[in-house]
Amino acid sequence: MNNFIFSNPTKIAFGEGQIKELANFLPANARILLTYGGGSIKKNGVYDQVVKALEGKTWFEFGGIEPNPHYETLMKAVELVKKEKIDFLLPVGGGSVIDGTKLIAAAVHFDGEPWDIMAKNKPFHSALPIGCVLTLPATGTESNGNSVITKATTQEKLAFGSPLVYPQFAILDPTTTYSLPPRQIANGVVDAFVHTMEQYLTYPVNAKVQDRFAEGLLMTLVEEGPKALKDPQNYAVRSNVMWAATMALNGLIGVGVPQDWATHMIGHEITAMHGLDHAQTLAIVLPAVMQHQRDKKREKLIQYGRRVWNLQDVNDDAVIDGAIAATKKFFEEMGTPTTLSGYGVNKDSIPKLVDMLKKHNLLTLGEHGAITPEASREILELAA
Ligand code: NZQ
Ligand code: ZN
């Protein structure tokens, strides 16, 4: 196991009815900005619960944050924050609303063009505090310091990360996820699954705790994901999916182990260019990365196949083949196609996607830094 320092400062309130905890969690005299997306929270009762919990507080609202949150929209929220002297941000929604609000938090006091935080890795030295209510288990953003922002005008999707934007608290009520459409249920399960894989499917460093935790999360998602589609109001199923998604990217399973993230980086380019949902791009790219990197990932692929899929074949290569096939089948059973063509994206896009990886300096991806633009091209060909 490699050395590490671990801290996760986000306080979690989990369970039905926990939105009322907002009243206790929010600072007494804060000037709060409630941020949200396209209106799902107004249809499923979450907005009303939040408004009730905000009684007696000073608060404002900013709606309309898009899926794959747009930089341009977020900069309008920054203006509102400055005008109303907001000092606490309360995103209520999915990963896009929370990620977008992290950028708002960082941009308010940023000297210069905030896009440079993503595009040029420019540091920022303060951020407004954030507390969130999560309605879509998927990204883990509710208790991590990461954010992914899309610039609509240039069709670019870039990430930043900082300990300054960890939410101070996250409210996770599984009943808020009952209203998710099947596509978003599937997206969440696939995203959490791939987050786990990015931190697990590399090479062994004898990190038994991280490996067993990761395998537990993967098996939970394989078991519960299809149930969430079939039985959307099942509280136990939704609870397990929600907690698995948080645990998949709150830092815990990633400490002391090598990490990959090539699937995510390639996937972000597909979303930016073709508008596919984040998880859809992961379902396309991950099986191809597994295949392309099968020699480098050999030991973990065998471990994954034997432990997560219970593949008993004596032949290790047959286990690897079986593990890749089982992964694809799982994504497809969740209703998420695993090829570019499954979403109508033509092979002709591949050179343009590789050009964007080069433009974003994503030249040495993966746990060995071995996925060059040429390797990314081969991976995308495998995923065509
Ligand atoms: O906008 P509203 O009306 O709220 O509708 C949303 C949106 O249309 C809807 N939705 C959310 N909760 C709902 C609901 N509909 C009904 N009932 C509910 N309870 O779902 C749609 C998608 O929402 P979005 O927030 O975009 O989805 P998700 O949570 O999957 O977030 C995706 C974004 O997160 C980034 C992705 O790149 C993408 O931009 N990621 C962030 C990460 C992080 N910060 O750590 C890591 C991830 O790898 C990922 O890259
Ligand atoms: Zn993801």
Unmet requirement for Val97, which otherwise passes all of (1) β-branched (Val, Ile, Thr); (2) away from ligand 2 (no atom under 16 Å from the Cβ); (3) closer than 17 Å to Phe169 by Cα: (2)
Scope segment 192-233; condition more than 16 Å from ligand 2 (Cβ to nearest atom), of a type in the set (Phe, Trp, Tyr) and within 20 Å of Asn310 (Cβ to Cβ); matching residues: Phe213
- line: Residue hits (segment 233-267; over 16 Å from Gly140 (Cβ atoms), under 17 Å from the mean Cα position of the chain (by Cα) and open to solvent by less than 10 Å² (accessible area, probe 1.4 Å)) are Ala262, Ile266
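Residue-by-condition table, conditions (1) farther than 23 Å from Ser40 by Cβ; (2) of a type outside the set (Phe, Trp, Tyr):
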{"residue": "Ala77", "(1), (2)": "no, yes"}
{"residue": "Leu90", "(1), (2)": "no, yes"}
{"residue": "Asp111", "(1), (2)": "yes, yes"}
{"residue": "Trp115", "(1), (2)": "yes, no"}
message: Out of the residues in segment 272-298 meeting the condition of being closer than 22 Å to Lys329 by Cα and touching a His at 6+ places or on another chain (Cβ under 9 Å), tell me which one is surrounded by the most Cβ atoms within 10 Å (Cβ to Cβ).
response: Leu282
query: Can you find even one residue in segment 345-353 that is more than 16 Å from ligand 2 (Cβ to nearest atom), among the polar types (S, T, N, Q) and loosely packed, with under 14 Cβ neighbours inside 10 Å?
result: yes
- line: Among Val255, Val190, the single one that is more than 18 Å from Phe331 (Cβ to Cβ), in contact (Cβ under 8 Å) with a residue 40 or more places away in the chain and not acidic (Asp, Glu) is Val255
Within segment 203-290, helices (runs of 4 or more DSSP H) holding 3 or more residues that are within 13 Å of ligand 1 (Cβ to nearest atom) and β-branched (Val, Ile, Thr): 262-274
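Specify which of the listed residues (Leu221, Leu217) is in contact with a Ser or Thr (Cβ under 6 Å, 6 or more places away or on another chain), free of Cβ contacts under 8 Å to residues at least 40 places away in the same chain and crowded, with 20+ Cβ neighbours inside 10 Å.
Working: Leu221 fails: in contact with a Ser or Thr (Cβ under 6 Å, 6 or more places away or on another chain).
One residue alone meets the criteria, Leu217.
The values are calculated or read from the model by the stated rules, or taken from the named source; none is laboratory data. Since the model is a prediction, treat every value here as computed from it, not as a measurement. Because the Cβ atoms are built from the backbone with ideal geometry, glycine has one as well, and the counts that use them run over all protein chains shown. Remember, those area values only see protein heavy atoms, side chains included, never the ligands or the DNA or RNA. Shrake-Rupley method; radii C 1.70, N 1.55, O 1.52, S 1.80 Å.
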